[in-house]
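Notes follow the structure.
The values are calculated or read from the model by the stated rules, or taken from the named source; none is laboratory data. Computed from a predicted model, the values in this text were never measured in an experiment. Because the Cβ atoms are built from the backbone with ideal geometry, glycine has one as well, and the counts that use them run over all protein chains shown.
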Amino acid sequence: MPNTVTGEIRSIIDPVVSSLKRHQIEGDKDIALAISHLLMKVISAARWTNPYDLIDLIREVGTILSSAYPRKIITGNVVRRVLALIRDEIETEHNENANTPMMSSMFSLLSTSNNENHKELHKQSKKQMSDLRSIIIQGIRDLVDEISNVNDGIETMSVDLIHDNEILLTPTPTSDTVLQFLIKARAKRKFTVLVTESFPNYIKEAQNFAKKLAEHKIETILVPDSTVYAVMSRVGKVIIGSSAVFANGGCMSNSGVSHVVECAKEHRTPVFALAGLYKLSPLYPFTRDDLIEVGNSGKALNYDDFKLVDNVELVTNALDDYISPDYIDIYITNVGGFAPSFIYRIVLDNYKTEDNTLE
């Protein structure tokens with residue numbers, strides 16, 4: 001790929017790249033919004049003679065952003081959504097301007113042509129480029145609105161999914177989507193929520209999560225992780241948040257969630273995973289170990305226990321878990337509920353296969 005990132009574009013993306021590397025942007029929604037606003041600036045500043053030059057630029061910017069925080073799948077998702085938007089506009093424009101018969105169009109699809117010839121056919125006037133730029137930026141604004149209001153679409157399904165006097169369990173106290181989902185359901189339903197302690201990484205988050213639920217008059221009990229199997233027989237549903245959903249129907253979630261969903265499967269308790277559309281990814285989790293982030297090992301084994309530490313060669317503290325689609329009954333998204341086996345179809349509607357690999 002040619003080096004299309006100019007100094008001007010580099011000056012726009014460098015601050016965000018630096019923030020991603022330092023993990024200064026926290027929260028999936030905040031990262032998605034930051035990338036969306038960045039791409040709007042890049043497209044506004046970029047210069048191109050045809051839309052395929054713009055695609056090359058966005059792909060390269062996407063590669064740089066993804067490498068800044070490789071384990072955050074959302075970064076690549078937003079870039080691919082924008083690429084799909086650009087390709088849709090090119091296709092729409094091509095169809096409007098095409099005067100060739102359908103038969104010749106079919107033959108042209110089967111014929112081989114190099115990328116340079118393809119670009120020559122799509123050279124545009126300044127007015128056409130300006131119009132396309134405006135359309136793409138408006139499309140990204142719509143994406144920003146979708147991401148900002150993602151909880152609204154998910155919350156509307158909560159009343160239909162939660163029953164009166166039901167006992168729910170959630171092992172993801174870091175998920176604002178799960179929090180808002182439960183709060184919304186409380187408007188018409190009375191239920192109890194068990195929140196796992198999420199040791200060792202999210203103890204404070206679990207306490208704050210339980211406190212917020214209690215403030216909305218939801219009966220809440222904070223339970224140790226070790227008691228999950230014992231209480232699961234009383235649980236009606238397990239509700240988890242997810243940081244990324246893959247095309248195979250699997251997802252990434254907090255560490256400890258895999259243990260909970262395995263207990264749920266043993267007790268035949270349904271598991272609902274909440275995820276905004278922007279978290280759905282066209283990628284497959286072929287290298288699962290590379291997806292799991294490792295954090296502060298001192299939380300798993302305190303350094304004050306120096307006698308024990310001296311006898312241990314390696315201490316790892318995983319921050320994430322990969323959840324197989326076998327353990328999830330349904331995904332609740334802002335565009336509806338879907339079985340894990342149907343996720344690939346939603347992915348095909350929102351991404352282009354040629355952008356699965358950005359490099």
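General observations
- Selected residue [more than 27 Å from Ala300 (Cβ to Cβ) and either among the hydrophobic types (A, V, I, L, M, F, W, C) or not assigned by TED's automatic domain parsing to the domain that holds Ser255 (or both)] from Val159, Val235: Val159
- Screening the candidates Glu219, Glu205, Glu166 for the property of being in the same structural domain as Val347 (by TED's automatic domain parsing) and either closer than 18 Å to Leu319 by Cβ or under 18 Å from the mean Cα position of the chain (by Cα) (or both) yields one hit, Glu205.
- Tally of residues being within 18 Å of Glu197 (Cα to Cα) and either in contact with a Leu (Cβ under 9 Å, 6 or more places away or on another chain) or among the hydroxyl-bearing types (Ser, Thr, Tyr) (or both) across region 235-262: 12
- Of all residues in region 237-273, those that are among the charged types (D, E, K, R) and crowded, with 19+ Cβ neighbours inside 10 Å total 1.
- The conditions of being of a type in the set (Val, Ile, Thr), closer than 19 Å to Ser253 by Cβ, touching a residue at least 12 places away in the same chain (Cβ under 8 Å) and surrounded by 20 or more Cβ atoms within 10 Å (Cβ to Cβ) are not met by Val223.
- Residues of region 197-213 satisfying the condition of being in contact with an Asp or Glu (Cβ under 8 Å, 6 or more places away or on another chain) and not in a helix (DSSP H, G or I): Glu197, Ser198, Phe199
- When the test is whether a residue is among the β-branched types (Val, Ile, Thr), modelled with pLDDT of 95 or more and surrounded by fewer than 18 Cβ atoms within 10 Å (Cβ to Cβ), Thr6 does not pass it.
- For region 177-196, the set of residues classified as modelled with pLDDT of 95 or more, surrounded by fewer than 16 Cβ atoms within 10 Å (Cβ to Cβ) and either in a strand (DSSP E or B) or in contact with a helix residue (DSSP H, G or I) (Cβ under 7 Å, 6 or more places away or on another chain) (or both) is empty.
- All helices (runs of 4 or more DSSP H) inside region 287-350 with 3 or more residues being assigned by TED's automatic domain parsing to the domain that holds Leu277 and surrounded by 12 or more Cβ atoms within 10 Å (Cβ to Cβ): 343-350
- The condition of being assigned to a helix (DSSP H, G or I), of a type outside the set (Gly, Ala, Ser) and in contact (Cβ under 8 Å) with a residue 24 or more places away in the chain does not hold for Leu168.
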